[in-house]
2 protein chains.
Amino acid sequence: MEKIPYKIYLNESEMPTAWYNVRSDMKKKPAPLLNPGTHQPMGADELAPVFCEELIRQELDNDTPYFQIPDEILSFYKMYRPSPLVRAYCLEEKLQTPAKIYYKFEGNNTSGSHKLNSAIAQAYYAKKQGLKGVTTETGAGQWGTALSMACAYLGLDCKVYMVKVSYEQKPFRREVMRTYGASVTPSPSMETEVGRRILAAHPGTTGSLGCAISEAVEAATTREGYRYVLGSVLNQVLLHQSIIGLETKTALDKYGIKPDMIIGCAGGGSNLGGLISPFMGEKLRGEADYRIIAVEPASCPSFTRGRFAYDFCDTGMVCPLAKMYTLGADFIPAPNHAGGLRYHGMSPILSELYDEGLMEAVSVPQTKVFEAAEQFARTEGILPAPESAHAIRVAIDEAMRCKETGEEKTIVFGLTGTGYFDMVAYEKFHDGKMDDYIPTDEDLEVGFSKLPKVD
Amino acid sequence: MEKIPYKIYLNESEMPTAWYNVRSDMKKKPAPLLNPGTHQPMGADELAPVFCEELIRQELDNDTPYFQIPDEILSFYKMYRPSPLVRAYCLEEKLQTPAKIYYKFEGNNTSGSHKLNSAIAQAYYAKKQGLKGVTTETGAGQWGTALSMACAYLGLDCKVYMVKVSYEQKPFRREVMRTYGASVTPSPSMETEVGRRILAAHPGTTGSLGCAISEAVEAATTREGYRYVLGSVLNQVLLHQSIIGLETKTALDKYGIKPDMIIGCAGGGSNLGGLISPFMGEKLRGEADYRIIAVEPASCPSFTRGRFAYDFCDTGMVCPLAKMYTLGADFIPAPNHAGGLRYHGMSPILSELYDEGLMEAVSVPQTKVFEAAEQFARTEGILPAPESAHAIRVAIDEAMRCKETGEEKTIVFGLTGTGYFDMVAYEKFHDGKMDDYIPTDEDLEVGFSKLPKVD
């Protein structure tokens, strides 16, 4: 048996040429988006003022198993993909674990994360539709940066509403986006009606993804030639992100490796959904079995303490209703440093799979996450994003469990990105100033009490 | 003929297992280091209080063509190498040039640059010698970060003196180094005698690599179990960095590509020296010919306006004298944003090669460099370090020349690193607040007037 290299890179000829739609293998499909006024399922026509046409088609299609990736997107992918599947030899050695640890590293591009995989797809379809530009929100700034890069490449205008706490904690992210020609506004802002309304109700709020989404949707629908694009949650995003899982599976198959468990951080579910797609497909078809573990921050525990219910995707309640695990659109999480995981809801696809018991979820406190991040940096070299470090935390915990039991399990986790713009958070951690806020049941009741009543 | 992929990654089995010593092919060897007091060549014994033993051996050996890379270093290399050789298809398309452009991208690791290649080697030999730790200086922070990573991996103590202007412009660099367990001091500092002396003579100075070197050397020689390590200039560093050129050459040979010109930015010469090594070897042996172009900032023009003379490597004049192109150890460059290129001297190896007409040099003003950086980011996706963008500037200029003449030249340049920690500089550029300071002849005379008199 050939020794597994430190990094498995596919050749360009081995790269996937189609995205995989996990919904096609789900017996119970994710619930449809509902009109927030009528509570009726929304069709393509109703979604058209907000989203690009082709993306709506992808959003609503629960049956087509594969979507061909257009050549222009494949070319862009080749600039930064395939991403490496890394064997964490150094971490295994450090932990003295019999477990075999692999991670799919999506941080080797300037956006610093996997977000670029969907950004280029969404920008491409906007361009193809003849639009002038797109609007979006960004939390940690990774999605905004990714979209800026994609728009710069295609010559599209890009308007980003950035969650205020991240805008302030990550001033340099704004400059990266400017380098790619985007305009960036801290959210909530006075630029939109919904922003003004949120500021009036919550003066001094540090914002949330939910608020920023509302503002971006309003900005898209009130100007000519613009549509809104979203970096997570939606079915279309998980479709594009399936490239992560497809590459991972091809690389593993090449060396005959069968993972026992697959671990990913979950904010809106884009990375986890993409990473697990082909594995979940096998599981749904009864061809293989895997433990699949979602990791979320204890401060924003959508899966582990949320409700599976129809809810607004945004705080401003202008978006469609989605059936998902949610803390309530009104829930504004504590300023956790993993901005990308501070979302009240969760992908409807993952929510359905979780509800059916096809995957697990675990929540972890912030300081434990940064301990894992630092340990990982010092052994594997890569400085992880706080979001990604959630997966590292649980991968290390599982590897240590193997050490106790002596089991040689194969662990695959998603390392979604790098933490170069998160040094304020690392500084707090180094200085012992990081807290582990966990919402009380009463805190959560506030969000649950505002859930819309849907029959 | 197989289509050249966007990124050529070598397999681990194709990675070089020995460093190449370009001095072995030089008919005229670089001049020896001299004792600053006696002006006599320094032997291993004299250097031993400052440098590690094995590194001194490498430093003084002008004849051995190859040095085997120890297994432990090869393992570390495999965590982040091979680095990709990228075909800049998107940039070529954007420029509409018949030129074929390739770049060797060294930024895909947390230090964000090629510096890690020598950091791990130097830390390894320090560890092997049973030392407690190492001291060093850092400009832009890339070398300091790289050394911190290497020391964390090997469990060595790491003390970094960081040029004050970079310490202030790049606060997050300090946190990255802390994540890897290093201690970081802004230089000049009050911690060392030489620091106090420089501060007295130049109150309010923003520092320079030369100052920081003096402090690090003093810190190493005045404490038990420490040695000083340096990220550039020295022969040993160019030896380790030959890994860049060797990988580049292997990748080019694999596809039968022969470059017409090789371009790299030059501060102390570590990247350029490493990149060109095997190509220069062929040139020295008369087996092939290449144009080799060093690019330096107009604000710190060691090659293009300096003197080829013996000089101090540091401002504090505690280091050996090296014969090199220099602006004088007393020259304190304007606060250019490419901190890594703000060094008064240049690698003695490259200085000798340049003096013999075996390579060219060109200087470029700062704003032109950032224009190239932004254009590159928008087309190739990667946000370059300001240092690296010097090479991009000249690569684009040469490609545009090909467009005029219709020549299909093959251009290879070194993309040494990423600019994630340089957003203050990008912000100044975006806001039109960047200046193009170029020293007058009178400014340079100040540095030249202090050159030591060596017969």
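Here are a few things to note about the model shown:
- Applying the criterion of being at pLDDT below 95 and crowded, with 20+ Cβ neighbours inside 10 Å to the residues of region A:302-317, the residue that is farthest from the chain's Cα centre (by Cα) is A:G316.
- Residues within region B:1-35 that are of a type outside the set (D, E), part of a loop (DSSP other than H, G, I, E, B), within 14 Å of another protein chain (Cβ to nearest Cβ) and more than 30 Å from B:I56 (Cβ to Cβ), tallied: 7
- In region A:352-369, residue farthest from B:M177 (Cα to Cα) [restricted to those that are part of a strand (DSSP E or B) and open to solvent by less than 30 Å² (accessible area, probe 1.4 Å)]: A:A361
- If you go through region B:332-347 and keep only what is in a loop (DSSP other than H, G, I, E, B) and open to solvent by 20 Å² or more (accessible area, probe 1.4 Å), you end up with B:I332, B:A334, B:P335.
- For region B:120-141, the candidate set comprises residues that are within 18 Å of B:K170 (Cβ to Cβ) and in contact with a Leu (Cβ under 9 Å, 6 or more places away or on another chain); within that set, the residue that is nearest to the other protein chains (Cβ to nearest Cβ) is B:A140.
- Applying the criterion of at least 2 residues that are touching a residue at least 12 places away in the same chain (Cβ under 8 Å) and either of a type in the set (A, V, I, L, M) or open to solvent by less than 10 Å² (accessible area, probe 1.4 Å) (or both) to the strands (runs of 3 or more DSSP E) found wholly in region B:178-269 leaves B:183-187, B:261-265.
- Scanning region A:370-410 for residues that are in a helix (DSSP H, G or I), buried (at least 17 other Cβ atoms within 10 Å of the Cβ), within 14 Å of another protein chain (Cβ to nearest Cβ) and not aromatic (F, W, Y) yields A:A372, A:A373, A:E374, A:Q375, A:A377, A:R378, A:T379, A:E380, A:P386, A:S388, A:A389, A:I392.
- Verdict on A:F421 being surrounded by 24 or more Cβ atoms within 10 Å (Cβ to Cβ), within 14 Å of chain B (Cβ to nearest Cβ) and not in a helix (DSSP H, G or I): yes
- Any chance A:L147 is over 15 Å from the mean Cα position of the chain (by Cα) and modelled with pLDDT of 95 or more: no
- Index of the failed condition, A:T97 passing every other in (1) within 14 Å of chain B (Cβ to nearest Cβ); (2) assigned to a loop (DSSP other than H, G, I, E, B): (1)
- Pair list, Cβ < 8 Å and 6+ apart or interchain, from region A:280-291 residues that are assigned by TED's automatic domain parsing to the domain that holds A:M359 to residues that are open to solvent by 30 Å² or more (accessible area, probe 1.4 Å) and part of a loop (DSSP other than H, G, I, E, B): A:M280/A:L358; A:K283/A:D289; A:K283/A:L358; A:L284/A:K27; A:L284/A:L358; A:A288/A:K258; A:Y290/A:D260; A:R291/A:D260
- Taken together, the residues in region B:26-40 that are open to solvent by less than 40 Å² (accessible area, probe 1.4 Å) and closer than 30 Å to B:A251 by Cα amount to 2.
- Among residues of region B:152-174, those that are away from chain A (no Cβ under 14 Å), touching a residue at least 60 places away in the same chain (Cβ under 8 Å) and either part of a strand (DSSP E or B) or of a type in the set (S, T, N, Q) (or both), counted: 3
- Residues of region B:133-151 satisfying the condition of being part of a strand (DSSP E or B) and aliphatic (A, V, I, L, M): B:V134
- Any chance B:G447 is surrounded by fewer than 22 Cβ atoms within 10 Å (Cβ to Cβ), away from chain A (no Cβ under 12 Å), in a loop (DSSP other than H, G, I, E, B) and small (G, A, S): no
- Qualifying residue in region A:425-447 (condition: touching a Ser or Thr at 6+ places or on another chain (Cβ under 8 Å), over 28 Å from A:F105 (Cα atoms) and of a type in the set (A, V, I, L, M, F, W, C)): yes
- Close pairs (8 angstrom Cβ cut-off, 6 or more residues apart or separate chains): in contact (Cβ under 8 Å) with a residue 24 or more places away in the chain in region B:359-376, surrounded by fewer than 21 Cβ atoms within 10 Å (Cβ to Cβ) and polar (S, T, N, Q) anywhere: B:A361/B:T304; B:V362/B:T304; B:S363/B:T304
- Boolean, A:P320 is crowded, with 24+ Cβ neighbours inside 10 Å, assigned by TED's automatic domain parsing to the domain that holds A:D253, closer than 22 Å to A:G195 by Cα and of a type outside the set (V, I, T): no
- Condition check for A:M359: away from chain B (no Cβ under 14 Å) and in contact with a Phe, Trp or Tyr (Cβ under 7 Å, 6 or more places away or on another chain): no
- Note on region B:318-360: among residues that are among the polar types (S, T, N, Q) and at pLDDT 95 or above, the one that is farthest from B:A31 (Cα to Cα) is B:T326.
- Count - residues of region A:24-45 that are in contact with a Gly (Cβ under 7 Å, 6 or more places away or on another chain) and among the small types (G, A, S): 0
- Note on region A:78-93: residues that are more than 9 Å from chain B (Cβ to nearest Cβ) and of a type in the set (S, T, Y) total 1.
- Single residue of region B:425-440 satisfying the filter (more than 22 Å from A:G181 (Cα to Cα) and touching a residue at least 12 places away in the same chain (Cβ under 8 Å)) that is surrounded by the most Cβ atoms within 10 Å (Cβ to Cβ): B:P439
- Count of residues meeting criterion [touching a Phe, Trp or Tyr at 6+ places or on another chain (Cβ under 9 Å), more than 13 Å from every other protein chain (Cβ to nearest Cβ) and either aliphatic (A, V, I, L, M) or closer than 19 Å to B:I73 by Cα (or both)] in region B:100-114: 1
The values are calculated or read from the model by the stated rules, or taken from the named source; none is laboratory data. Since the model is a prediction, treat every value here as computed from it, not as a measurement. Note: ideal-geometry Cβ built from the backbone for every residue, glycine included; neighbour counts use all protein chains shown. Accessible surface is based on the protein model in full, side chains and every heavy atom, while ligands, DNA and RNA are left aside. Shrake-Rupley method; radii C 1.70, N 1.55, O 1.52, S 1.80 Å.
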